[in-house]
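Input: a single structure, listed below in structure tokens.
FYI, it's all coordinate maths here, none of it is from the lab. Since we're looking at a predicted model, the values are computed, not measured. Backbone-built Cβ (ideal geometry, glycine too); neighbour counts: all protein chains shown.
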Amino acid sequence: MTQPLGSFPGGLILPGQKKRSTQTPIRKMPLTKTLVLPLQQHIGEPAVATVEVGEKVLKGQKIAAAEGHVSVGLHAPSSGTIIAIGDHPIPHPSGLSASCITIETDGEDRWIDRQVNENISQLSSHELRQRIREAGIVGLGGAGFPSFIKLNPGIHHHVETLILNGVECEPYITCDDMIMRERAQGIMDGIEVMQLALNVKNCVIAIEDNKPEAISAMELALASREQLKDTKIVVIPTRYPTGSEKQLIQVLTGKQVPSRGLTLDIGIVLHNVGTAYAVGRAIKHGEPLISRIVTVTGKDVKHAGNFETLFGTPIHELLSFCETKRQPEEPFIQGGPMMGYNLAGDKLPVTKTANCILVGVDEPVEATKPLPCIRCGDCADACPVSLLPQQLYWHSRSKDLEKTREYNLFDCIECGCCSYVCPSKIPLVQYFRFAKTETMNQEQEQQKSDLARIRHDNRQERQERERLEKEEKQRKRKAALAASKAAKAKKEAEAAAETQTDKQET
Amino acid sequence: MFTAIIAIALLALTFGLLLGFASIYFKVEGDPIVEQIDKLLPQTQCGQCSFAGCRPYAEAMANGEADINRCPPGGEATIQALANLLEVEVKPLDDECGEEKPKTLAVIDEDRCIGCTLCIQACPVDAILGAAKHMHTVFADECTGCELCVEPCPVDCIDMIETKAKPNTWRWPDPSRIDLQPGEQS
């Protein structure tokens, strides 16, 4: 590694808090009695259920199919019977419900037939992508974007580098760290598949320097791979939010992804190491995505660690397996302390995007009453995207959404650095999230009102036309009536004249 | 003396021609301010503003005959947008017109509908489908929630149902409202 590392503005050095959850190896969460699978666990259109209530399913059997392009299917995480398809609370900050498939497990955990594929080089890149899609794989870093789309650069883009993101910069979370330590060979399998699918040789695995065990494990695995000689591991300094894709690219290459652009625009594709592992399992072993590694930690957790958990496992059962001090219905955090959100309720399932469950964390931004903004500018210094959070705050607060756009609100990655450094404890990110969803909603409403205007105009036009047609008809009828009257009068006059002449003649 | 008069007359003629030319070739069709105002209104065509629809209200505002705070479906956001456009002060919603309510959707109870077509005639956006003596139904995507169909229904079979938030249309709450403890003034 000779090329010097770049950097991005702002950012924070945070206490890692990762020790507690890395003391024990990855453990398997035992099978639970029911599994609840939301049909939407990814960005895009929700999947559509292909099974019916009462049907028996095997482990790994497809139970919902992708709908539209940006969508992936869903698989039964264990064998059992479908007992319900319908609304169920989902792990979403809104606390709302959405369509879910509920499986009652039979405890046998019987697999469907799996297609093992040792020689992956025979498969075309299209075939690889299709299989990755069929396996229901989405980005496991937290966003949940369907992975097959990111492996399809299309004809207009040329991919130069594949970056594997093993940075995991947010405090507490260690699922990527542990998967790199324990399953480095599996990750290498996935990298080989991804390189084939993208037809790219150059690959960089980025790992933060606070994970020495992961680095050595990955180096060892890489050394044993003949095909991956153009792959290198780059150790980068620990700084939050280096794990965010645009910031990581800036650190590794010094290049910036254009505002509202894609990493593909500068010839880079980025995947999480956990996703790579899932891709390897799907292609080489024929296993769809049915489980993930979830970090469970926090000071109220007795047995903190990483757990290989089937999707649909109720989070409260996972927490009781780790023996937490949490009371029923007490809120917890899904995701990290910086970007995660509070969830409440006991019925929520583990989904594809659940990387970490935190119980008992001192919130980095204390929930005290915020003081007025003093315009110190600390937030602008901390912002990794060089935005002006204080300006965005004023405009979001006064709901001047037009102005927030001018200040590039949509480039905000919601990393939470600004809220963290704010001396007045203003929940800045909350304001930005509010302004973003509000803007998107207003756009939708604008579309709806435009449609209503067109329909209203059409209706008025139609009514006007009908009125004119009616008038025209009436006029015609009157004219016809007048004409027939005139004809009648003429006839009568003629008849009268005739009789008169007859009379005269006689 | 003569030259001065001729010069002034010539100048007057040139500018007159220029103005005449401009008035013909640069003529603005319609009233753009009305269009702009109309674009900001929610197009429910509900008439709560006491005008016959969104466009008449927009025209009245453009002529300075109506205030900007008479649109309950648009609520605070619309008032804000109108204030920005017309460069006037933001005002609270006029109580006379009604209050800002959550978005609703008309739903016809199909068992009770007698097929009288009165609601179809009332709907300003043609969002109700049906024929005489046949059951009617509402296009959920096209309904603006204006409530104009509720009144004419002789059997009272139309209900306004609050549109439920879905996870993908859900909005993060406004933090400036959360900050306030109960009993505090904003």
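Where the eigenvalues come from the Cα gyration tensor of the protein assembly as shown, what are the semi-axes √(5λ) of the equivalent ellipsoid, largest first, in whole Å?
Details: eigenvalues 765, 251, 155 Å².
For the protein assembly as shown, the semi-axes come out at 62, 35, 28 Å.
So between A:Leu371 and A:Asp106, what do we pick up on full extension, going 0.36 nm a residue minus the alpha carbon distance?
Details: separation 265, 0.36 × 265 = 95.40 nm, distance 5.51 nm.
Fully extending the segment from A:Leu371 to A:Asp106 adds 89.9 nm.
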> What is the gain in length, in nm to one decimal, between A:Ala483 and A:Gln256 on full extension, counting 0.36 nm per residue of separation less the C-alpha to C-alpha distance?
Replying inline: 73.4 nm
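Counting only other chains, what is the mean number of Cβ atoms within 10 angstrom of the Cβ of each residue in peptide A:440-453? Before the final figure, lay out each step's value.
Working: counts 3, 4, 2, 0, 1, 6, 4, 0, 8, 11, 2, 5, 13, 11.
The mean count of partner-chain Cβ atoms within 10 Å per residue comes to 5.
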> What nm distance separates the two modelled labels at A:Asp209 and A:His158, each placed 7 Å from Cα along Cα→Cβ?
Replying inline: 3.5 nm
>> Looking at the range A:105-257, I'd like the Rg to Rh ratio, where Rg is from alpha-carbon atoms and Rh is Kirkwood's inverse mean 1/r.
In response: 0.97
> What is the helix-to-structure angle for B:2-25, meaning the angle in degrees between its Cα long axis and the longest Cα principal axis of chain B, kept from 0 to 90 and rounded to the nearest 10?
Replying inline: 20 degrees
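Return the inverse of the average 1/r over all pairs of distinct C-alpha atoms in the range B:32-86, which is the Kirkwood hydrodynamic radius, in Å to one decimal.
Roughly 10.7 Å, rounded to one decimal.
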> So for chain B, what percent of the C-alpha to C-alpha distances run longer than 20 Å?
Replying inline: 68 percent
> Cα to Cα, under 22 Å, and not fewer than 8 places away if on the same chain: which lysines meet these conditions relative to A:Lys255?
Replying inline: A:Lys150, A:Lys201, A:Lys232, A:Lys246
> Tilt of helix A:125-134 relative to the longest C-alpha principal axis of chain A, in degrees (0 to 90, nearest 10)?
Replying inline: 80 degrees
>> If you average the C-alpha positions of the range A:154-188 and of the range A:97-130 separately, how far apart do those two centres end up, in angstrom?
In response: 21 Å
>> Give the separation of the Cα centroids, the range A:281-341 to the range A:1-74, in Å.
In response: 11 Å
> Excluding same-chain residues fewer than 8 positions from A:Lys476, which lysines have a Cα within less than 27 Å of its Cα?
Replying inline: A:Lys485, A:Lys488, A:Lys490, A:Lys491
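Averaged over B:121-134, how many beta carbons belonging to a partner chain fall within 10 Å of each residue's beta carbon?
Details: counts 1, 0, 3, 5, 9, 5, 3, 0, 0, 0, 0, 0, 0, 0.
Across the residues of B:121-134, the mean count of other-chain Cβ atoms within 10 Å is 2.
Express the C-alpha Rg of the range A:265-326 as a ratio against the empirical globular expectation 2.2 N^0.38 Å, rounded to two decimals.
On the way: Rg = 15.6 Å, N = 62, 2.2 N^0.38 = 10.6 Å.
Working it through for the range A:265-326, the quotient is 1.47.
Among the DSSP beta bridges whose two residues both lie in the protein assembly as shown, what percent are antiparallel, rounded to the nearest 5? Could the numbers behind the result be given before it?
Working: 42 of 64 bridges.
Percent antiparallel among DSSP bridges in the protein assembly as shown is about 65.
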> In the range A:365-431, how does Rg compare with the Kirkwood Rh, expressed as the Rg/Rh ratio over alpha carbon atoms?
Replying inline: 0.92
>> Checking the table A:Lys19/A:Lys369; A:Lys299/A:Lys399; A:Lys33/A:Lys436; A:Lys62/A:Lys284 against a 29 Å threshold on Cα-Cα, which pairs fail?
In response: A:Lys19/A:Lys369; A:Lys299/A:Lys399; A:Lys33/A:Lys436
>> Taking the 0 to 90 degree range and rounding to the nearest ten, how far is the long axis of helix B:75-86 tilted relative to the main principal axis of chain B, both from C-alpha atoms?
In response: 10 degrees
> How do B:50-61, A:46-57 rank on mean C-beta neighbours within 10 Å, highest first?
Replying inline: B:50-61, A:46-57
>> Students often get this wrong: which residues of the range A:438-455 have the backbone nitrogen under 19 Å from the point 7 angstrom along Cα-to-C-beta of B:Asn84?
In response: A:438-450
>> If I model a spin label as a point 7 Å beyond the Cα along the Cα-Cβ vector, how far apart are those points for A:Glu471 and A:Thr501 in nm?
In response: 4.6 nm
